[in-house]
Amino acid sequence: MCVQDILFRIHSLMPMREAARAACASHAFLNSWRYHPNLIFDKDTIGFPFLHSWRYHSGLIFNKDTIGSKESASGENVHHKIDCILREHKGSLKTFKLDYARMNGLDDFSYLDSWLQIALKPGLEELTFMLSASMSQTTGKYNFPCPLSGAKRTYNFPCALLSDRVGNSLRCLRLGLCVLHRIVELGPLRSLTRLYLCHLSITWNELERLLSNSLALELLHLTGCDEIKCLKLSSALQRLSGLHILVCQRLGVIESKAPNLSSLRLRSGCRLDFSLVETWQMKKLYLVQSNLIYDARAKLPPVLPNIETLYIESQREARRWLMHQCCLPNSSTLST
């Protein structure tokens, strides 16, 4: 292995910010920067002064007009810089992260299709795609691109790109604050093991199709997916071991025949009927619901032979819990 190959290998292992610094300081790293396997654009890197000075991957230009200026931090300039970086990138990526969550002013969707066309190539293992969300001063709720939120603009994620380009390599997928209605275009995602959906506009029928194409799935995480009214996990999900559901307001029924489900986290108003869930392999159970402790015998599963961790929380019934400690064995050792 020659010296150039060694430097290329070292550079590829650096985090994005350090790799950018090295490319700015050394011509030896400048060419390898265009092949860096991990591109991460979030609140930390977008605010990074070096990012605002990148006009081209192959030639980084610094001047007083771009470094640290207010103009360089505007949404239009950020999009232009990211666009230049992606268009100059060569080879395939292992990680592509575009995370606009908790950021304001980055609501231009015109670049997104072309960015995904560049980033989604065979070999990609991890994809994070989170659009911008802003907090409403009047309601205190997220105004994200979802029909339920009343937002005027939406971005419909191009599902066909996933299966056509990264169906054999993608292992982790995080999608948020966008629309996922073009599921009919989706094919098998043979390597997908972790799926995170956050404030996503998706129905149960669409999610069911997505899951049926992700049979290697090990973890399913849903947050704020308010269009899903029921969740029915089939026995075909043989590898599914973790299910996390946080504040999915319309979710009323959860049914699981996944045989190896061992970890369940539920924070929702949904009352879970454990007679519809396979609990024999359950090792970790986290439940946060109202009136849960008071009625624990009725709401907790009757049989948990392999349970190792049990966490239950119900903040609205602390006083009533003190009067009914007899509802759980060894209640003197428990606290709320």
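The values are calculated or read from the model by the stated rules, or taken from the named source; none is laboratory data. All values derive from a computational prediction rather than experimental measurement. Positions of Cβ are backbone-derived with ideal geometry, glycine not excepted, and every protein chain shown enters the neighbour counts. Each accessible area value is taken on the protein alone, full model and side chains, heavy atoms only, with ligands, DNA and RNA left out. Shrake-Rupley method; radii C 1.70, N 1.55, O 1.52, S 1.80 Å.
If you go through region 34-61, how many residues are in a helix (DSSP H, G or I) and modelled with pLDDT of 75 or more? Number of matching residues: 3.
Considered as a group, the residues in region 279-307 that are touching a Ser or Thr at 6+ places or on another chain (Cβ under 7 Å) and over 20 Å from residue 246 (Cα atoms) include one that is modelled with the highest pLDDT, and that residue is 281.
Collect the residues in region 235-249 that are open to solvent by 40 Å² or more (accessible area, probe 1.4 Å) and not β-branched (Val, Ile, Thr), keeping them in residue-number order.
235, 236, 238, 239, 241, 246, 249
Take residue 72 and tell me if it is closer than 25 Å to residue 15 by Cβ, in a loop (DSSP other than H, G, I, E, B) and modelled with pLDDT under 80. Taking the combined requirement at face value, the residue does not satisfy it. Scanning region 78-117 for residues that are outside any loop (DSSP other than H, G, I, E, B) and small (Gly, Ala, Ser) yields one hit, 114.
Filter region 169-187 down to the residues that are modelled with pLDDT of 95 or more and in a loop (DSSP other than H, G, I, E, B), then identify the one that is most open to solvent (accessible area, probe 1.4 Å).
So the first thing to find is which residues in region 169-187 are modelled with pLDDT of 95 or more, and the list is 169-175.
Subset that is in a loop (DSSP other than H, G, I, E, B): 169-171.
On the way: 169: 25, 170: 1, 171: 117 Å².
Checked region 169-187; the qualifying residue most open to solvent (accessible area, probe 1.4 Å) is 171.
Quick check on region 290-307. Is at least one of its residues in a loop (DSSP other than H, G, I, E, B), within 17 Å of the chain's Cα centre (by Cα) and at positive phi? Within region 290-307, none of the residues are in a loop (DSSP other than H, G, I, E, B), within 17 Å of the chain's Cα centre (by Cα) and at positive phi. For region 89-117, the candidate set comprises residues that are among the charged types (D, E, K, R) and modelled with pLDDT of 85 or more; within that set, the residue that is surrounded by the most Cβ atoms within 10 Å (Cβ to Cβ) is 99.
If the condition is being open to solvent by less than 20 Å² (accessible area, probe 1.4 Å) and assigned to a loop (DSSP other than H, G, I, E, B), then region 260-269 contributes 261, 268.
The residue pairs whose first member lies in region 231-243 and is farther than 12 Å from residue 281 by Cβ and of a type in the set (S, T, N, Q), whose second member is open to solvent by less than 50 Å² (accessible area, probe 1.4 Å) and not in a loop (DSSP other than H, G, I, E, B), and whose beta carbons are closer than 9 Å, counting only pairs six or more residues apart or on different chains, are 234/211; 234/256. Set side by side, the residues 257, 283, 232 differ, and just one is open to solvent by 10 Å² or more (accessible area, probe 1.4 Å) and either acidic (Asp, Glu) or farther than 27 Å from residue 159 by Cα (or both), which is 283.
Residues in region 206-220 that are under 15 Å from the mean Cα position of the chain (by Cα) and open to solvent by 40 Å² or more (accessible area, probe 1.4 Å): 218 only.
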